[in-house]
Each structure stands twice: as structure tokens, then as C-alpha cells.
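Written below as C-alpha cells is the structure these notes are about.
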């Protein structure tokens, strides 16, 4: 069994959000700080939403869970960094 809590959460038959949030939160809030995002909670929510919706992609990717979640987080961070269209 994996020592990574994210990996363990994603391998469950159904994602258990109460387990996923504490497993992913330290990583997501660190990334939010690193990118100086104005709303870390919204950032974490958006990333976790994508994790839940796109978990099947993780299985196909064969990436470590932490790397896959970081990739999703980077995509969300880039969307947050783009200026809003007028």
C-alpha cells in the first residue's frame, strides 16, 4: 500500500471527500501561497473539484497521485493568474 495519503484516497472505490481534503490541503495551500493567489480556499476547492471529476484520468496517466494533483493545481493556478476579459 502507498504511503502517500493522496494516492490512498484516489485508490478508494469511491472518493471520500472527508479523507481527500486533509490529504490534499497542505499541498494546495502551499501552491496557492507560492503563486500568491488571492483566494486560496477557492483555489483548493476548484482543484479538489477537478480531482473528483477527473479521477479516471489519474488511473490512465499512471502518475503518482501527488504529481497528478500538482498538474491539476498548476492548470487552475494559471487560470487564476490570467486577467479577466473585458
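All of the numbers you see were taken from the coordinates with simple rules; none came from a lab. Keep in mind that what you see is a predicted model, and the values were worked out from it rather than measured. Note: ideal-geometry Cβ built from the backbone for every residue, glycine included; neighbour counts use all protein chains shown.
Using the scaling law 2.2 N^0.38 Å as the reference, what is the normalised Cα Rg of the chain? Can you show the working numbers first?
On the way: Rg = 13.0 Å, N = 86, 2.2 N^0.38 = 12.0 Å.
The value comes to 1.09.
Calculated from DSSP H runs of 4 or more alone, at -39500 (n - 2.57) each and per residue, what is the 222 nm mean residue ellipticity of the chain, nearest 500? Display every interim value, and only then the final one.
Values: 5 runs with 63 residues, N = 86.
Mean residue ellipticity at 222 nm (helix-derived): -23000 deg cm²/dmol.
Under the definition of Cα pairs under 8 Å and six or more residues apart, what whole-number percent is the relative contact order of the range 5-81?
Once divided by the residue count of the range 5-81, the mean separation gives 34 percent.
Measure off 7 Å from each Cα along the Cα-to-Cβ vector at residue 41 and residue 61, then give the distance between these two points in nanometres to one decimal.
2.7
Can you give the angle from 0 to 90° between the axis of helix 40-53 and the longest principal axis of the chain, with both taken from C-alpha atoms, to the nearest 10?
With both axes taken from Cα atoms, the answer is about 40 degrees.
Based on the Cβ-Cβ distance of residue 34 and residue 14, what FRET efficiency does E = 1/(1 + (r/R0)^6) give at R0 = 25 Å, to the nearest 0.05? Walk me through the intermediate numbers first.
Numbers: r = 31 Å, r/R0 = 1.24.
The pair residue 34/residue 14 has a calculated efficiency of 0.20.
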